[in-house]
1. From Asp78, Asp62, Asp42, which residue is of a type outside the set (A, V, I, L, M, F, W, C), within 15 Å of the chain's Cα centre (by Cα) and farther than 21 Å from Thr13 by Cα?
2. Could you identify the single residue in His46, His41 that is of a type outside the set (D, E, K, R) and touching a His at 6+ places or on another chain (Cβ under 9 Å)?
3. Spot the failing condition for Asp43; the list is (1) within 17 Å of His84 (Cα to Cα); (2) in contact with a strand residue (DSSP E or B) (Cβ under 9 Å, 6 or more places away or on another chain), and only one is missed.
Amino acid sequence: MLAVASVAAQDATNVITIDNFTFTPPELTVAVGTTVKWVNHDDIPHSVVNKDKVFRSKAALDTDDSFSYTFASAGTFDYFCGLHPHMVGKVIVK
C-alpha cells in the first residue's frame, strides 16, 4: 500500500495545470521515461503543442480534459497553446 501511495504522490508532481491562460508550472524538469500530464482547469478550451512537433494534444482540451505524454529522450521541449500562442511552457528532460 505504501508503494502505491508514493507512486501517486510522484505522479502528482508531473502535472501541469492550465488555468487563467497560463501553464503552471511554466517550466518542469523530469527524468527520461516520465509521463507528464496537462489538465485544463480553465472554462475555455486550450491545447498543448510542442514547437518541434514531438507531441500534440487534440485540438481542444475542454474544461477538466487532460493530455499526457511520456518523454523517452532527454532534451528541452518548448510548447504552447495552439489556440492562444502567447501561452508557453517548457519541459526539461534529463
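What follows draws every value from the coordinates through simple rules; no lab data is involved. Worth saying up front: this structure is predicted, and the values here are computed from it rather than measured. Every residue, glycine among them, receives a Cβ derived from its backbone with ideal geometry; neighbour counts consider all protein chains shown.
1. That would be Asp62, the only listed residue that is of a type outside the set (A, V, I, L, M, F, W, C), within 15 Å of the chain's Cα centre (by Cα) and farther than 21 Å from Thr13 by Cα.
2. His46
3. Only one criterion in (1) within 17 Å of His84 (Cα to Cα); (2) in contact with a strand residue (DSSP E or B) (Cβ under 9 Å, 6 or more places away or on another chain) is unmet by Asp43, namely (2).
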